[in-house]
Amino acid sequence: SSPSRCPKPGTPANQSARQVGLGAVAMACAQVTRAMASGRGLACRLTGARAFSSASLKKTLVHAEHVEDGGKMVDFAGYSMPVQYTKSGAPHTLSIIDSTKWTRESASLFDVSHMCSIRWTGKDAMAFVERVTTADVQGLETMRGTLSVIPNERGGVIDDTMVTKCHSKEHGEHVYQVVNAGCADKDLKHFDEQLGRFGGDVKMEVLWDSRGLYALQGPKAIGVVERLSGTDLSKVAFGQSLWLSIEGAECLVSRCGYTGEDGVEIFVPGDAAVQVWRRLRDEPEVRLAALGARDALRLEAGLCLYGHDLDEDTTPPEAGLSWVVGKARRDPKAANPFIGSERILAQLADKSLVKRLRAGLMPSAGPPAREGAAIETPDGQVVGTVTSGTMSPCLRKNVAMGYIDKPFNKKGTDLQVVVRGKKYPAKTTGMPFVPTRYYKP
């Protein structure tokens with residue numbers, strides 16, 4: 001087994017991170033409001049969550065399981081979701097630091113059923129999805145997925161999304177897409193508008209609260225799925241999907257995730273949602289994990305959170321996501337260009353049109369630099385803004401990402417961050433902060 005990347009107390013932090021790409025998106029879309037979610041020794045500012053007292057929030061199919069296991073429930077994208085598990089003496093009660101480390105070393109189970117799924121069918125379905133995203137859907141192998149974005153007319157990002165060319169007995173070849181819960185309403189409205197202009201044979205089927213969606217993440221996650229399904233997954237690469245029987249239910253299993261770890265996301269039929277959740281939860285390698293650990297894990301992995309690191313005024317090249325534009329989609333004279341292609345393709349062809357870039361930051365002192373903190377040169381010139389920041393549970397150091405004007409974004413540049421009126425030295429760095437482990441056979 002590979003060595004842990006979360007150092008034990010007294011050992012040096014691993015700083016040999018190398019960027020191998022953002023692998024997947026079970027990405028959570030944030031609201032404007034925020035709340036503090038604390039684990040012992042870690043204050044994690046969870047963007048997009050707030051405490052609540054209303055019973056009107058949506059609930060996933062395993063909401064009662066979260067409550068029974070001591071989930072501290074918060075309002076997240078209109079759903080009642082656990083930020084941490086706090087039941088005294090229960091095996092799943094871990095601090096956010098320990099939950100993050102457990103994911104990096106074993107396997108953690110997340111409920112991400114609040115995410116919205118869409119099934120696109122019809123002979124023109126792939127062409128339509130290529131119109132509204134940057135993905136080369138037709139170029140994908142069957143049962144292969146890719147991270148993409150939904151661009152607006154200006155080339156900004158309406159949402160980030162996972163797009164899979166799928167095949168099932170019932171629907172044949174089709175497109176399966178997942179979008180963020182907090183963005184789903186505007187995404188679906190956008191798709192409806194574009195369908196009216198597109199025409200053709202395309203059907204949009206929204207699959208949201210009628211199914212379970214669980215992320216099992218960590219180096220021992222695949223072993224759990226192999227054991228429960230009786231299937232060898234050694235030849236299934238990160239980004240591939242397949243149909244597996246788990247607890248007698250036919251589940252769509254995608255080897256992907258939002259933690260930087262190997263793992264899967266499992267789409268479970270509604271009538272089996274609770275049974276499959278319980279079986280996964282009770283496996284010896286598995287601990288429940290929630291929003292607090294998820295935010296720390298994705299930031300350590302250098303992954304974007306929509307509404308913070310991505311928005312409608314930010315283009316994929318500015319976000320360091322040029323690779324989400326498929327090579328086959330880069331022809332300015334294409335017969336079916338994606339929305340916003342004019343600006344995005346211009347930036348890809350001429351890097352001088354990109355004036356700022358998303359970059360990693362490692363402050364060397366002070367409290368974590370949170371969203372909105374100014375990034376300055378040592379002489380006080382403002383050259384950027386932090387979009388996400390926390391104390392890394394694995395590195396035991398503050399990490400952040402933000403948008404920085406060129407050329408100050410270059411790796412190794414000495415800068416400073418302004419936190420509550422005080423200035424602290426920081427240095428630009430590559431991402432991920434913790435090495436990722438996306439599996440290739």
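The values are calculated or read from the model by the stated rules, or taken from the named source; none is laboratory data. Quick caveat: nothing in here was measured; it's all calculated off a predicted structure. Reconstructed Cβ throughout: ideal geometry from the backbone, glycine too, with neighbour counts over all protein chains shown. Ligands, DNA and RNA are excluded from the accessible area calculation, which covers all protein heavy atoms including side chains. Shrake-Rupley method; radii C 1.70, N 1.55, O 1.52, S 1.80 Å.
A count restricted to the stretch 326-344 and to residues that are closer than 22 Å to residue 406 by Cα and under 24 Å from the mean Cα position of the chain (by Cα) stands at 1.
Kindly indicate whether residue 352 is outside any strand (DSSP E or B), hydroxyl-bearing (Ser, Thr, Tyr) and either in contact with a strand residue (DSSP E or B) (Cβ under 9 Å, 6 or more places away or on another chain) or open to solvent by 30 Å² or more (accessible area, probe 1.4 Å) (or both).
Details: outside any strand (DSSP E or B): yes; hydroxyl-bearing (Ser, Thr, Tyr): yes; either in contact with a strand residue (DSSP E or B) (Cβ under 9 Å, 6 or more places away or on another chain) or open to solvent by 30 Å² or more (accessible area, probe 1.4 Å) (or both): yes.
Yes; evaluated as a whole, the condition is true for this residue.
Of all residues in the stretch 186-207, those satisfying the criterion of being assigned to a loop (DSSP other than H, G, I, E, B) and either of a type in the set (Val, Ile, Thr) or in contact with a helix residue (DSSP H, G or I) (Cβ under 7 Å, 6 or more places away or on another chain) (or both) are 200, 202. I need the full set of residues from the stretch 166-185 which are buried (at least 16 other Cβ atoms within 10 Å of the Cβ) and either among the charged types (D, E, K, R) or part of a helix (DSSP H, G or I) (or both), in order please. Residues satisfying the conditions are 181, 182, 183, 184.
Among residues of the stretch 193-211 that are under 13 Å from residue 119 (Cα atoms), those with a Cβ under 6 angstrom from a residue that is acidic (Asp, Glu) and modelled with pLDDT of 95 or more, sequence gap 6+ or separate chain, pair up as 202/124. Within the stretch 121-144, the residues that satisfy the criterion of being touching a residue at least 40 places away in the same chain (Cβ under 8 Å), farther than 22 Å from residue 321 by Cβ and open to solvent by 10 Å² or more (accessible area, probe 1.4 Å) are 121, 122, 123, 124, 127, 143. Residues in the stretch 93-110 that are more than 17 Å from residue 219 (Cα to Cα) and open to solvent by 10 Å² or more (accessible area, probe 1.4 Å): 3 in all. Of all residues in the stretch 145-165, which are surrounded by fewer than 24 Cβ atoms within 10 Å (Cβ to Cβ) and acidic (Asp, Glu)? If the condition is that a residue be surrounded by fewer than 24 Cβ atoms within 10 Å (Cβ to Cβ) and acidic (Asp, Glu), then 153 is the only one that fits.
Checked against the criterion of being of a type in the set (D, E, K, R), out of contact with any strand residue (DSSP E or B) (no Cβ under 7 Å at 6 or more places or on another chain) and open to solvent by 60 Å² or more (accessible area, probe 1.4 Å), the candidates 379, 405 yield just one match: 379. Scanning the stretch 208-245 for residues that are surrounded by fewer than 18 Cβ atoms within 10 Å (Cβ to Cβ), assigned to a strand (DSSP E or B) and not aromatic (Phe, Trp, Tyr) yields 242, 245.
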